[in-house]
1. Among 43, 20, 88, whose mean-square fluctuation peaks in a Gaussian network model of the chain (Cα, cutoff 10 Å)?
2. Of 69, 90, 41, which is the most mobile in a GNM of the chain whose springs link Cα atoms less than 10 angstrom apart?
3. Taking the square root of 5 times each eigenvalue of the Cα gyration tensor, what semi-axes in Å does the equivalent ellipsoid of segment 2-106 have, largest first?
4. Which three lengths, in whole Å and largest first, does segment 2-41 cover when its Cα atoms are put on their principal axes?
5. Which residue, 71, 94, 15, has the most motion in a Gaussian network model of the chain that connects Cα atoms within less than 10 Å?
6. How many lysine pairs are close in the chain, with Cα atoms under 23 Å apart and the two 8 or more places apart or on different chains?
7. What number, rounded to the nearest 500 deg cm²/dmol, is the helix-based mean residue ellipticity at 222 nm of the chain, given -39500 (n - 2.57) per DSSP H run of at least four residues and division by all its residues?
8. Just going by the charge dipole of segment 2-106, with Lys and Arg at +1 and Asp and Glu at -1 on Cβ, which of 89, 12, 27 is farthest out on the positive end?
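Every number here is computed from the coordinates shown, using simple stated rules; none is lab data. Just so you know, these numbers come straight off a predicted model, no measurement behind them. Virtual Cβ from ideal backbone geometry, glycine too; neighbours counted across all protein chains shown.
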Amino acid sequence: MASFARFATVTASTKRSPGVTSGLEGAFVESIASLKCLPLDPVNSEVMLGIEGLAFHEVLQTSVEGGLDIKEGDLLVVATVEYPVRSVADWNWKGTDFVRLIIEQVKA
């Protein structure tokens, strides 16, 4: 885990919707106040093939330490920019658990 900590230089947080009440989805609220992740990088073409409907979006990826409560549909917040989380996948490398996040940014 020490090597991951050296590369996890971006501070982020997450937000989650509290769910639907009376037919309306509630506003997102903070879920994880502070976590460290790898810098946001564009995904490769192989990952893009598996994601549909993102013509006007930039698709990025990052990794965070394993064991965090992050779900698809959450928002990853980095420097006040909110990125919807599209995919959450557990990874293990050399005995260390990570979570790979595929996130998106809507292009205006």
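1. Fluctuation is largest for 20.
2. 69
3. 23, 18, 13
4. 47, 19, 11
5. Looking only at 71, 94, 15, the largest GNM fluctuation is found for 94.
6. Lysine pairs meeting the criterion: 6.
7. So the helix-based figure for the chain works out to -2000 deg cm²/dmol.
8. Looking along the dipole axis, the top candidate is 12.
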